[in-house]
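Data first, discussion second: the structure below is written as structure tokens.
None of the figures in this text is laboratory data; all of them are computed from the coordinates on show. On a predicted model such as this, the values are computed, not experimentally measured, just so you know. We place every Cβ from the backbone using ideal geometry, glycine too, and count neighbours over all the protein chains shown.
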Amino acid sequence: METTEKKQIEGKAAGMSRRQFVSAAAATAATFTFVPRHVLGRQGNTPPSEKLNVAAIGAGGMGSGNTNACAAAGANIVALCDVDWDRASDTFKRFPNAKQYKDFRKMLDNEKSIEAVIVATPDHFHTVAAMAAMRRGKHVYVQKPLTRLVGEARALTEAARKYKVVTQMGNQGHSGDGVRDICEWIWAGVIGDVEEVHAWTNRPVWPQGIGRPSEVHEVPSTLDWDLWIGPSPMRPFNRCYLPFNWRGWWDFGGGALADMACHVLDPVFWALKLKYPTSVEASCTPVNEETFPSGSIVRYQFPAREGMPAVKVNWYDGGLKPARPKELEAARPLDQASSNVLFMGSKGVLRCGEYGDNPQLLPYDRMREFAKNKPAQTLKRITTSHEGNWIEACKTGGKATSDFEYSGPLTEMVTMGNLAIRPENVGKRLEWDGENMKVTNDAKADEYVHPHYRDGWSLEM
């Protein structure tokens, strides 16, 4: 490990005791552009005059925002499912005609009119819920990260092919113009060959690097704790897990990497035509079997592909950051947003924000000149919301922009990083056979590639 990294990590470890619990506000719906019905229809498919019947598994938080966006895109919200009816109460009120459930399995079996399903639960629930919907022939929109584990992502990707349903992961930046600009610029050779990338985020903003609480709290009357635990190992209820801090726990979330990398690394994955890394390794602050570390650095190595050279992708979280590039003027801050990316090319540097937003060449003098002669746009722009793009594809039999053929391998890359952060794997270089989903130099590391569900839960529900 480099000396600067050691200093950063040691500094983070020393300040861990000061980390405060931070709760997150529920996502709010934005205003979305509606696609006229006359452009949605294709011969032989569901008439565009008919609204798509959509259900949501997870109706509070992000589920509320996703449901609102689907309704704004013309969907008919027919059923809502949430294990915490207090958390979901605002959404229930907003759609009073939608049937209400706590158990998604009962909802899917009872509501025969459902055509498409939103999955906006904590991470550990994504795979079983999405698989249950797809096995019943339902289109699915699944929040990021698509899954918690590598093997789960592969399973959903293969299931989408098998059941021929329309899929979308909720990495909404993939519908933006910024990520398309980045692809077009890099593919046009604007910054030359990219052999290294640095990406970082301000997350986590919730507690990590802590042990399991000993206190047992009374379960709220509106919450079904057994259903909330779902496929993960049962544990006593404690208020520290809900409604947001579950992200920091191995059994429920994927830490800062899973929370943000499906956004932050999306332009990297697409523009550099990545798929499976050949190796991954991590350094981090103290980590245990309960929670992710408060700060980590993950290094992926990818082989040469499609005329592009081998590339090293570096991820930083918890306040850890890369060195400042010499191309960035001294007066300008390193951080452009709460999450950032630097593409280090042989002919220059390209930077962007969280969702591929505001891509810029460095130094800025070059950007001013470049703006006069940008490469031609070759990628179709999305003119509706991310959810609207999925609704349109469901109605027309088309393809959503971040379907599982794309977002499944993206999620595999992300979750491979968390495999390297496991306590027993930190500091090891894990060699990866992506096609066969196998760590080739450490058989024990494979234990966390595939899921192990609690009795009563499986991918065959």
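Cα to Cα, under 20 Å, and not fewer than 8 places away if on the same chain: which aspartates and glutamates meet these conditions relative to Lys321?
Output for Lys321: Glu2, Glu5, Glu10, Glu195, Glu196, Asp259, Asp266, Glu281, Glu329, Asp335, Glu354, Asp357.
Excluding residues fewer than 8 places away in the same chain, name every one of the lysines whose C-alpha is closer than 28 Å to that of Lys380.
Partners found: Lys51, Lys138, Lys144, Lys162, Lys164, Lys273, Lys275, Lys347, Lys372, Lys395, Lys399.
Can you tell me how region 267-362 classifies by the Cα gyration tensor, rounded, prolate or oblate, using a/c under 1.5 as the rounded cut?
Here region 267-362 falls in the oblate category.
Please compute the modelled spin-label separation between Asp86 and Thr278, points set 7 Å along Cα→Cβ, answer in nm with one decimal.
5.3
Could you give the dipole magnitude of the chain about its Cα centre, charging the beta-carbon of Lys and Arg +1 and that of Asp and Glu -1, in debye to the nearest 20?
Computed charge dipole of the chain: roughly 840 debye.
Shape of region 52-99 from its Cα gyration tensor (a ≥ b ≥ c, root eigenvalues): rounded if a/c is under 1.5, otherwise prolate when a/b > b/c, or oblate? Don't jump to the answer; show the numbers that get you there.
On the way: a/c = 1.83, a/b = 1.50, b/c = 1.22.
Taking the square roots of the gyration eigenvalues as a ≥ b ≥ c, region 52-99 is prolate.
In percent, how large is the relative contact order of the chain, given Cα pairs closer than 8 Å and 6 or more residues apart?
Dividing the mean separation by the residue count of the chain yields 22 percent.
Give me the base-10 log of I(q)/I(0) for region 339-461 at each q in 0.09, 0.14, 0.19, 0.21 Å⁻¹, Debye formula, one uniform scatterer per Cα, rounded to two decimals.
Debye intensities relative to I(0), on a log10 scale: -0.49, -0.99, -1.15, -1.19.
How far apart, in nm, are two points set 7 Å out from the Cα along the Cα-to-Cβ line at Arg235 and at Val216?
The two pseudo-label positions are separated by 1.5 nm.
So, counting K/R as plus one and D/E as minus one, what does the shell of residues with Cβ under 11 Å around Leu379 add up to?
Combined, the nearby Lys, Arg, Asp and Glu give 0.
Let me spell out the model: positive unit charges on the Cβ of Lys and Arg, negative unit charges on the Cβ of Asp and Glu, origin at the Cα centre of region 271-374. What dipole size does that give, in debye rounded to 20?
On the way: 15 positive and 12 negative charges, 131 e Å.
That gives a dipole near 620 debye.
Taking the alpha-carbon distance from Lys93 and a cut-off under 17 Å, which lysines remain once sequence neighbours fewer than 8 residues away in the same chain are dropped?
Within reach: Lys102.
If you wrap a convex hull around the Cα atoms of region 229-323, how much volume per residue is inside, in Å³?
Details: hull volume 12.8 nm³, N = 95.
Cα convex hull per residue, to the nearest whole number: 134 Å³.
For the chain, count all C-alpha to C-alpha pairs, find those more than 41 Å apart, and express that count as a whole percent of the total.
The share of Cα pairs beyond 41 Å in the chain comes to 16 percent.
Using every alpha carbon pair in region 190-349, what percent of pairs falls into each 5 Å bin from 0 up to the bin containing the largest distance?
2, 8, 15, 17, 15, 13, 10, 8, 5, 3, 2, 1, 0
For a quick check: with amide H placed at 1.01 Å from N, whose amide H comes under 5 Å from Val311's, ignoring anything fewer than 5 positions away on the same chain?
Phe302
When a/c reaches 1.5 or more, the comparison of a/b and b/c decides; with that in mind, is region 403-461 rounded, prolate or oblate per its Cα gyration tensor?
Because a/c hits 1.5 or more and a/b fails to exceed b/c, region 403-461 counts as oblate.
List Tyr448, Tyr453, Tyr364 from most exposed to least, where exposure is judged by having the fewest other Cβ atoms within 10 Å. Don't jump to the answer; show the numbers that get you there.
Details: Tyr448 20, Tyr453 16, Tyr364 13.
Lowest count first: Tyr364, Tyr453, Tyr448.
What order do you get for Met437, Met344, Met416, Met169 when you list them from fewest to most C-beta neighbours inside 10 Å? Please report the intermediate quantities before stating the final value.
Values: Met437 17, Met344 22, Met416 25, Met169 33.
By the 10 Å Cβ count, ascending, the order reads Met437, Met344, Met416, Met169.
What do you get for Rg/Rh over region 93-164 if you use C-alpha atoms and the Kirkwood form of Rh?
Looking at region 93-164, the ratio lands at 0.98.
Under a Cβ-Cβ cut-off of 10 Å, what is the net charge of the residues other than His450 that fall near it, where Lys and Arg count +1 and Asp and Glu count -1?
-2
Once every Cα of region 43-143 carries one equal point scatterer and solvent is ignored, give the base-10 log of I(q)/I(0) from the Debye formula at q = 0.19, 0.20, 0.25 Å⁻¹, two decimals.
Reported log10 I(q)/I(0), two decimals: -0.84, -0.93, -1.46.
Rounded to the nearest 0.05, what FRET efficiency do Lys374 and Glu435 give with R0 = 41 Å and r taken as the Cβ-Cβ distance? Could you check?
0.65
Measure off 7 Å from each Cα along the Cα-to-Cβ vector at Asp226 and Asp446, then give the distance between these two points in nanometres to one decimal.
Here the modelled spin labels are 3.5 nm apart.
Say the dipole of the chain comes from +1 at the beta carbon of Lys and Arg and -1 at that of Asp and Glu; which of Phe244, Thr121, Tyr406 then lies farthest toward its positive end?
The residue sitting farthest along the positive end of the dipole is Tyr406.
Long-range amide H contacts for Asn76: which residues qualify at under 5 Å (H placed 1.01 Å from N, peptide plane, sequence gap of 5 or more or a different chain)?
Leu52, Asn53, Val54
Would you give the gap between the C-alpha center of region 370-440 and the C-alpha center of region 79-98, rounded to a whole Å?
Taking the Cα centre of each part, region 370-440 and region 79-98 sit 30 Å apart.
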